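Q: Here it is, the structure in full.
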Amino acid sequence: MPSSIATFNKFNLTVQDWLNGKTNYGADTFKAMLTDTLPLATNHVYGDISAGEMPNQGGYTTGGIVIPMSIANIGGLVTVTGNAVNPAWGGFGPGIGPFRYIVVYDFSAATQTLQYWLDLLQEFTITADDFLTLGPAAFTLQ
């Protein structure tokens, strides 16, 4: 499993959705899903990428896991931080995978708008008794 190496990518409409009130980082529920299909910056909603999501088996539940999000405005710089409690996926039976991308989306939004994705830079499988813990990720809304 990767320890801390991943690239962060924000979807093109993330900031616009926040400015238009479609995303509320203080109140909405956010989820992280696993996929082996490359997300595109132009993807906008969960339905754009859901076909490539890992199947509901081996420790993975379709739709992903809840990711707590917070928002802070410090000196005019608005920062969103995801995943303060380090959620994890645990494998059993056939395991989860292979996958390469973790996609975070707004589960509360009517269209389930996409927020960002992490590229793990190679494929992984979470085998039985193995875990993948998602560490914090922060980005600015600009």
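The values are calculated or read from the model by the stated rules, or taken from the named source; none is laboratory data. Quick caveat, the model's predicted, so the values are computed rather than measured. Ideal geometry is used to build each Cβ from the backbone, glycine not excepted, and the neighbour counts take in all protein chains shown.
Q: Give just the number: which of (1) surrounded by 15 or more Cβ atoms within 10 Å (Cβ to Cβ); (2) closer than 15 Å to ASP119 by Cα does GLY82 not satisfy?
A: (2)
Q: Sort through ASN73, ASN43 and tell me the only one that's within 24 Å of PHE124 (Cβ to Cβ), polar (S, T, N, Q) and more than 13 Å from the chain's Cα centre (by Cα).
A: ASN43
Q: Restricting attention to strands (runs of 3 or more DSSP E) lying wholly within region 40-142, give those where 2 or more residues are acidic (Asp, Glu) and at pLDDT 90 or above.
A: By residue number, 114-126.
Q: In region 20-38, which residues are within 26 Å of ALA72 (Cβ to Cβ) and touching a residue at least 40 places away in the same chain (Cβ under 8 Å)?
A: LYS22, THR23, ASN24, TYR25, GLY26, ALA27, ASP28, THR29, PHE30, LYS31, ALA32, MET33
Q: Would a scan of region 53-75 turn up a residue that is within 21 Å of ASN24 (Cβ to Cβ), touching a strand residue (DSSP E or B) at 6+ places or on another chain (Cβ under 6 Å), surrounded by 18 or more Cβ atoms within 10 Å (Cβ to Cβ) and among the acidic types (Asp, Glu)?
A: No, every residue in region 53-75 fails to be within 21 Å of ASN24 (Cβ to Cβ), touching a strand residue (DSSP E or B) at 6+ places or on another chain (Cβ under 6 Å), surrounded by 18 or more Cβ atoms within 10 Å (Cβ to Cβ) and among the acidic types (Asp, Glu).
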